[in-house]
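What follows is a single structure, written as structure tokens, with notes after it.
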Amino acid sequence: MNDLWTTCSTAIAQLLSGDPQLWGIVGVSFSVSASALLIALLPALSTGFMLAYFRFPGRWAAISVLNSLLAVPTVVVGLVLYMLLSRAGPLGDLNLLFTRPAMIIGQILLCFPLLVAMSLSAFQAADHRVLETAKTLGANPWQAFVTLLFEVRFALLAAVVTAFGRIIAEVGSAMMVGGNILHHTRNITTAIALETGKGEFVQGVALGIVLLVLALTLNVSLGWMQSHSRVLRHGT
Amino acid sequence: MKHLQLLLMRSVLVTVLIFVSGIALADSIRLATTTSTYNSGLLDYLLNYYAQVSDTEVQVISVGTGKALRMGENGDVDLVMTHAPSAEARFVDQGFGIEAHRVMYNDFVLVGPKEDAANVSGAQTVTDGLSLIAASNKRFISRGDDSGTHKKELQLWQHLGALPNFDGYLESGRGMGHSLQMASEMGAYAMTDRGTWLALKDKLELTLVLEGDPRLLNPYQVMLVNPKRHSHANINSAREFAQWLVSSAGQEAIGNFRINGEVLFVPSAK
């Protein structure tokens, strides 16, 4: 067994050498998670907005269901999706099992409730006067929505960063509906699971480092943007 | 703000492009196979050869034999290569698979901690070895995942009369590589195919304690999914690949695959 230090330094060397297979795997993770996030974003934000600003029967039920969906394990999402997409399942004809679109669907299901819940609390925390002022100034509902989006942009950005973190780090659904096929559906997390199974800890550590650096970059830039905006506001 | 918008739009565009380019237009087939053939590196090695003679891309999904057969049954893959003769016979008999061919074999071995406290290395047969482990209540890591290795292991325990129920018997529920690493960390015994053992043994605190019992033979078969059940299956390309595996070129490639100079699989197509 290699000691921890040699494993880590070999891993960093492998990353820096631009190993195409390694970076290809990183590319799969990014394209899948970014696609899922982009597709889920607008519907989720609108849902969060509607739940925050409209009163309708069943609203609390909807919010409770969304909050419980936050706790659903990724493998359960993967299993349900697997049974739906399998040839023997109701959506088998779509031929989606073991493809990237299947992974994207799984990750949409995983990040949607999170985006709704976080944007809901962001909208609820926003000053109601913003919306009323916008309306008095003659804004239509869409313009009012956009104004509000801008007002709570940092809370929403935090929601996006958190959601991206959840889906790029999940392994359960990606492994089940993706199948861990090299060059196609092997992403960072499923590759780590496979490589450790082969006793190849170096590649696992290298991919883990990519995930860590990514999380750090996203959160540091989010923090920087938030503090930067506060400085600007106080300055004027 | 303008800059940010531009950046955002660009990243959206790039993402979409990466995504679209990932959808392969070339001919491809899906092979569900066992973790033992994949984790040992054999499949990657064979596919490198196959890429020289064919444009068909072989997408490999490596799972336990039970799950691989299930994928074939549901038509989620085009062909399977597994190692559980009785389950494979059922698979063909029930009309889920066609054109079963012997491809190769290796054998199972028992491995265990270097001190071999149960003294398995002194046993004559594999069943004697297993009963020594059970009698001394030493730890034994079973795959517990309905894989070919797991099925084989249960068969051998059945020879002793009953399924194991001693305290040291633990089910990992994971692939061969993970299970061997668990055995290594816990100082436990395990049954493994020789291929995975040879590929991993340098990284393990384990030693080979028993081999050579004829009951430990581990034959691999390739089968196509039944196109009568699954008309969508890419059966022609799947057949081409299966035929290549049992052809003299494929068999030679299998026989030449070595790790640290040791042969892992013996070609056995007729």
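Observations on the structure shown:
- Helical mean residue ellipticity (222 nm; -39500 (n - 2.57) per DSSP H run of 4+; nearest 500) of chain A: -25500 deg cm²/dmol
- Cα centroid separation - the stretch A:36-73 against the stretch B:88-138, whole Å: 52
- Chain A: most fluctuating residue of A:V77, A:V32, A:V210 per GNM, C-alpha cutoff 10 Å: A:V210
- 3J(HN,Hα) along the stretch A:157-171: 4, 4, 4, 5, 4, 5, 5, 4, x, 5, 7, 6, 9, 7, 10 Hz, from the Karplus curve 6.51 cos²θ - 1.76 cosθ + 1.60 with θ = phi - 60°, whole Hz, x for Gly and Pro.
- The stretch B:150-210 and the stretch B:239-270 have their alpha-carbon centroids 26 Å apart.
- Under 5 Å between amide hydrogens, built in the peptide plane, is the criterion, and for B:E171 it picks out B:S142 among residues at least 5 positions away or on other chains.
- Percent antiparallel among DSSP beta bridges (both partners in the protein assembly as shown, rounded to 5): 60
- Taking A:Q107, A:Q143, A:Q124 in turn, the Gaussian network model of chain A (Cα-Cα springs below 10 Å) assigns the largest fluctuation to A:Q143.
- At 0.890 mPa s and 25 °C, Stokes diffusion of the protein assembly as shown via Kirkwood alpha-carbon radius, µm² per second: 96
- For the stretch B:107-216, Kirkwood radius (reciprocal of mean inverse C-alpha pair distance, Å): 13.4
- Order of B:L224, A:L22 - criterion: other Cβ atoms within 10 Å of each residue's Cβ, fewest first: A:L22, B:L224
- Estimated from helical segments only, the mean residue ellipticity of chain B at 222 nm is -13000 deg cm²/dmol, where each DSSP H run of four or more residues counts as -39500 (n - 2.57).
- Total lysine pairs whose alpha carbons fall under 15 Å of each other in the protein assembly as shown (8 or more apart, or interchain): 6
Read the figures in this text as sums done on the coordinates, not as results from a lab. These numbers come from a predicted model, not from an experiment. We place every Cβ from the backbone using ideal geometry, glycine too, and count neighbours over all the protein chains shown.
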